[in-house]
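Take a look at the structure below.
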Amino acid sequence: MMELFTETFTTMLGAVGRIFIIIVAAGFLLRKNIITNDHVKALSKVTVNILLPCMLFSKISNNFDAEIISWWWAIPLASSVMVAVGVGFGYLFYLRKYKEKQFLIPIGSMQNAVYLVLPIGMFMYAEQFDLFAIYNFLFLIGYIPLLWSVGKILITGGSFKTVKRNEILTTPFVSVVVTMVIVLLGLHQFVPPMLMDSIDLVGNATIPVSNIVLGATLGGISFKVLPQLSDVLKLSLIKYILIPLSVIGLLYAIGLKETNPLLANLLVIESTAAPATALILQVRAYGGDRQTIGSIMIISYAICLLAIPFWVAVWQVL
């Protein structure tokens with residue numbers, strides 16, 4: 001058992017480490033002004049509006065088969081529940097200072113569900129990556145609306161009465177929904193192979209470009225003011241202990257490891273992934289305590305480097 005834990009931990013650490021090398025390099029290039037914030041902003045828009053939708057369409061169209069169709073809805077439901085559990089823990093931890101501390105809750109409850117998780121899947125499950133990507137995209141159906149509604153409101157200190165429709169209907173979310181409709185209706189069969197190959201070629205650039213965007217975004221965060229230790233400990237407890245334990249406990253109870261090990265692995269990775277970088281983008285766009293949020297996120301990503309391998313290894317030995 002210990003041998004399996006060590007082997008899994010080492011393999012996963014290597015996969016996560018490769019990703020963090022790209023992240024650190026991109027952050028270094030930003031701080032040296034070799035790439036600028038304008039470059040990062042442009043790459044981010046290209047990734048969200050072009051590369052990721054192409055990857056979504058290509059992977060789902062080519063690999064979404066009848067076996068998945070009957071229960072695909074369970075994955076968006078699982079992602080919504082995972083976020084709800086994290087937000088619930090955050091609310092309990094900051095109940096007495098909710099108005100003052102509500103902006104911290106998304107950091108402990110909303111994960112980097114694409115830019116970090118997809119590359120891990122590519123390194124760890126190369127032979128099953130297409131299916132892994134489909135599961136990941138289905139996860140986004142339940143996750144993205146919450147990230148851009150509940151997450152945006154909490155992190156900017158806003159009210160739940162001010163959410164706007166265009167903040168939920170983002171390009172990745174619309175792409176997943178439209179693609180699902182096309183596939184469920186069987187219309188993807190009429191897309192010319194040459195066009196599908198071109199879409200797939202563009203989509204293949206998603207992972208390397210997204211890691212550059214992630215690293216440059218984190219690289220722009222300043223460490224001039226350190227966050228309160230109590231907040232770091234509370235959010236780390238939620239994100240890296242309570243949520244993974246809750247998810248692993250439920251997955252073990254329903255026996256998903258035996259019935260669908262790849263999906264179970266994805267959910268474990270998602271449960272312990274670092275905070276969504278979209279939270280920083282939301283603060284930049286709508287206002288908020290950028291300094292505190294950014295410094296906590298840097299610390300959280302450092303913890304994530306060991307947390308993901310640890311929990312995946314724990315899951316494998318259960």
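Points worth noting:
- HN-Hα J in Hz across the range 210-220 - Karplus 6.51, -1.76, 1.60, θ = phi - 60°, x for Gly and Pro: 5, 5, 5, 4, 4, x, 5, 5, 5, x, x
- Net charge of neighbours whose Cβ lies under 14 Å from the Cβ of Lys234, counting Lys and Arg as +1 and Asp and Glu as -1: +2
- Over 30 Å apart at the Cα level, from the set Lys97/Lys224; Lys59/Lys99; Lys45/Lys239; Lys32/Lys234, are Lys59/Lys99; Lys32/Lys234.
- For Gln111, the residues whose amide H sits under 5 Å from its own are Ala276, ignoring neighbours fewer than 5 places away on the same chain, with H placed 1.01 Å from N.
- Neighbour-count ranking [beta-carbon atoms within 10 angstrom, fewest first] of Met55, Met124, Met196: Met196, Met124, Met55
- Estimated D of the chain in µm² per second, where Rh is the Kirkwood radius over Cα pairs and Stokes-Einstein applies at 37 °C, 0.692 mPa s: 165
- Computed label-point distance, nm, for sites Leu77 and Met2 using a 7 Å Cα→Cβ extension: 4.2
- Under the Karplus curve 6.51 cos²θ - 1.76 cosθ + 1.60, θ = phi - 60°, whole-Hz ³J(HN,Hα) for the range 135-145, x wherever Gly or Pro sits: 4, 5, 5, 5, 4, 5, 4, x, 8, 4, x
- Within the chain, helix-based [θ] at 222 nm, where runs of 4 or more DSSP H residues each add -39,500 (n - 2.57), nearest 500: -22500 deg cm²/dmol
Readers should treat all values here as calculations from the given coordinates under stated rules, not as data from a laboratory. What you see is a predicted model; the values in this text were computed from it and never measured. Note: ideal-geometry Cβ built from the backbone for every residue, glycine included; neighbour counts use all protein chains shown.
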